[in-house]
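Reading through the structure tokens given below for one structure.
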Amino acid sequence: MPQAKINAAGLRLVRLLVGNEPQTFESLIRSAGVTRTAVAEQLRVLLAAGLVERTIEKLNGRGRPRHRFAATRAALESLSASSQPLLVPAVWRAVDEIGGAELLEKVFKRVGSLLAERYSARITATDLKERLQQFVRLLEAEGALVELGRSRGRWHIRRRSCPFISLRNGHGTICAIDLDLLSAVAGREVRRVACRQEGSPSCVFEVAR
């Protein structure tokens, strides 16, 4: 999502649309309190970013059809993202307190399996190198900082960024998600050879020969 191109005025339009009925161009001008040109320009950017969708309302009788604008699910998720660092860890803590480490480990493994299904469905290669390359490209497209390298005849995946940073629980069970995911993608055993929780600058995973 090209959020960098969305300024404060565009964000204000998103806030006006989220949780409300679709609005016309004229009603947005009145609510935003800015010029027609400014609203038109920001709507163009928001439509391109997938944060706003446009529908055509056909009027009874005479008159030209008019457009109505509504916030998309992506807009709602974007505005709700700030609560995730609080909500998600609270959910995992509740699971831990209710079922203990055993239940937490089962949940993590299941999450890893679900992620593996999602990525595996988008990986078409059969060769190990090509599968790993496709996987890394998918992660990079999602904004992850990840690198694929080869050392001593083995492939290594280095995660410079961590999608589970807010879930770190101090005893490493969260890493089971990455291990199960990478093992499924590679089709063979993967082991963790470096971990951010143990003082390394990034997590590194090694694919068995």
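All of the numbers you see were taken from the coordinates with simple rules; none came from a lab. Here the structure is a predicted model, which is why all the values come from computation and not from measurement. Neighbour counts run over all protein chains shown; Cβ positions are idealised from the backbone, glycine included.
Quick notes on this one:
- The range 95-109-the range 20-64 distance, computed between alpha-carbon centres (Å): 47 Å
- Amide H partners (placed H, <5 Å) of I6, local residues excluded: none
- In order along the range 143-154, the Karplus-derived 3J(HN,Hα) couplings, from 6.51 cos²θ - 1.76 cosθ + 1.60 at θ = phi - 60°, round to x, 6, 9, 9, 10, 10, x, 9, 8, 6, x, 10 Hz, and Gly and Pro are given as x.
- Using C-alpha pairs under 8 Å with a sequence gap of at least 6, the mean separation divided by the residue count of the range 85-207 gives a relative contact order of 26 percent.
- Our estimate of slack between A8 and R137, defined as 0.36 nm per intervening residue step minus the Cα-Cα distance, is 43.3 nm.
- The chain: angle of helix 175-186 to the longest principal axis, Cα-based, in degrees nearest 10: 90 degrees
- Two-decimal log10 I(q)/I(0) for the range 85-207, as the Debye equation yields it once each C-alpha is a single scatterer, q = 0.20 Å⁻¹: -1.19
- The calculated 222 nm mean residue ellipticity attributable to helices in the chain amounts to -16000 deg cm²/dmol, summing -39500 (n - 2.57) over DSSP H runs of n ≥ 4 and dividing by all residues.
- Positive-end residue, the range 3-71 charge dipole about Cα centroid, Cβ charges, pick of L28, L17, L51: L28
- Nearest 10 degrees, 0 to 90: helix 8-17 Cα axis against the chain principal axis: 80 degrees
- Long-range amide H partners of I174 with built H, under 5 Å: N169
- The amide H of T24, built 1.01 Å from its N in the peptide plane, has F69 as neighbours under 5 Å, considering only residues 5 or more places off or on other chains.
- Cα-centre dipole for the chain with unit charges at Cβ (Lys and Arg positive, Asp and Glu negative), debye to 20: 680 debye
- The slack between R44 and E26, meaning 0.36 nm per residue of separation minus the straight C-alpha distance, is 5.0 nm.
- At most 15 other Cβ within 10 Å, DSSP loop - trypsin sites (Lys or Arg not before Pro), the range 105-208: R122, R152, R160, R188
- E117-A70 FRET efficiency (beta carbon distance; Förster radius 30 Å; 0.05 resolution): 0.45
- Among Q197, Q23, Q134, residue whose mean-square fluctuation peaks in a GNM of the chain (springs only between Cα atoms under 10 Å): Q23
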